[in-house]
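In what follows, a single structure is set out as structure tokens and then discussed.
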Amino acid sequence: MHGKTVSGIALGTLICVPLSSAFAADLKVSVGSLASGSALPVKYAMCQPAAQGHAGPGGDISPPMSWSTGPSGTKSYAIILTDTDSPKTDRDKMNKEGMTVPKTAERQSFYHWVLVDIPANVTSLEEGADSSGRVEHGKTTPSKAGMHGINMFTMVFAANDAMKGKYVGYDGPCPAWNDENLHHLHFTVYALGVDKLGLPVDFDGPAAIEAMKGKILAEGKLDATYTTNPATGAIVPKQ
């Protein structure tokens, strides 16, 4: 997991529950011009590689997204972005000089973006629609489309006075600079048979997943990668 300032914070067990059914159709999902499996640009990340301190602030802009129209009966859409390589164990080694987070560390899902109740007539979001930049203590502005939940930086930064707050909407990846794993991101869009999920304020990713059960008509995803570790492909800007 995530970011220079959060090393040593333990998270509970987080499992990304598969929601698809045998009858769910497929949506075609695009994230800007990204090819499936390619690296997410640093302007969409909360942290980026840096010559000083290994990592520094990224652009944290939400990327442009589009998806194909859902099947008949679609009344809303939802977007969930997860990183399935967030360390569950060995977190005390994150961002520590002379240490690495080993490939053998157990991994868990980290929710970066949870956006639900997107109207059925909306099939794209422009760049910056749910985050125009990194904001210490979290963003509070409402979503331009739908209802956004809290992401997991709310939990991760809870004990950090410089960063703690309620993080809603999109906040991009910030993996530890000494993590031996390349991090894999999954932008998933769901077409739902209800216009509202009826979730309370400050709902999170697992709550959204639970609320969507039995309501999914179609889904699709685009996968990407990200790292701040030069050993796994990060490009460190020259000073």
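Using a cut-off of 15 Å between beta-carbons, work out the net charge of the residues near Gly138 (Lys and Arg +1, Asp and Glu -1, Gly138 not included).
Result for the neighbourhood of Gly138: -3.
Using the C-alpha atoms of region 150-189, what convex hull volume per residue, in cubic angstrom, is computed?
Values: hull volume 3.6 nm³, N = 40.
Given the Cα convex hull of region 150-189, per-residue volume reads 89 Å³.
Calculated from the structure, Cα extents along the principal axes in Å equals which of (i) 45, 38, 34; (ii) 56, 39, 30; (iii) 55, 33, 33?
Correct label is (iii).
Can you list the HN-Hα couplings for region 179-193, worked out from phi with the Karplus curve (6.51, -1.76, 1.60; θ = phi - 60°), rounded to whole Hz and with x for Gly and Pro?
So the J values, rounded to whole Hz, are 7, 6, 8, 6, 8, 10, 10, 10, 8, 10, 10, 10, 9, 10, x.
Of Lys43/Lys103; Lys75/Lys221; Lys103/Lys164, which pairs sit farther than 21 Å apart, going by alpha carbon to alpha carbon? The partial results should precede the final answer.
On the way: Lys43/Lys103 26 Å; Lys75/Lys221 19 Å; Lys103/Lys164 29 Å.
Checking Cα-Cα distances, Lys43/Lys103; Lys103/Lys164 exceed 21 Å.
Hey, can you grab everything whose amide H is under 5 Å from the amide H of Ile61? Only 5+ residues off in sequence or another chain; H modelled, so Pro and N-termini drop out.
Residues meeting the amide H criterion: Tyr44, Ala45.
At 25 °C and 0.890 mPa s, grab the translational diffusion coefficient of region 69-150 from Stokes-Einstein with a Kirkwood Rh over Cα pairs, rounded to a whole number in µm² per second.
157
Skipping prolines and chain starts, which residues have an amide H placed within reach, meaning under 5 Å, of the one on Met147, given they are 5 or more residues away or on another chain?
Amide H neighbours of Met147: Val116, Asp117, Ile118.
Looking at region 135-227, which trypsin sites (Lys or Arg not before Pro) are DSSP coil and have at most 10 other C-beta atoms within 10 Å of their C-beta? Spell out each step's value before the answer.
Numbers: sites: Lys139, Lys144, Lys164, Lys166, Lys196, Lys213, Lys215, Lys221; in loops: Lys139, Lys144, Lys164, Lys166, Lys196, Lys213, Lys215.
Qualifying residues, ordered by number: Lys213.
Each reported figure results from applying straightforward, stated rules to the coordinates on display, with no laboratory input. Quick caveat, the model's predicted, so the values are computed rather than measured. So basically every Cβ, Gly included, is an ideal-geometry build from the backbone, and we count neighbours across all protein chains shown.
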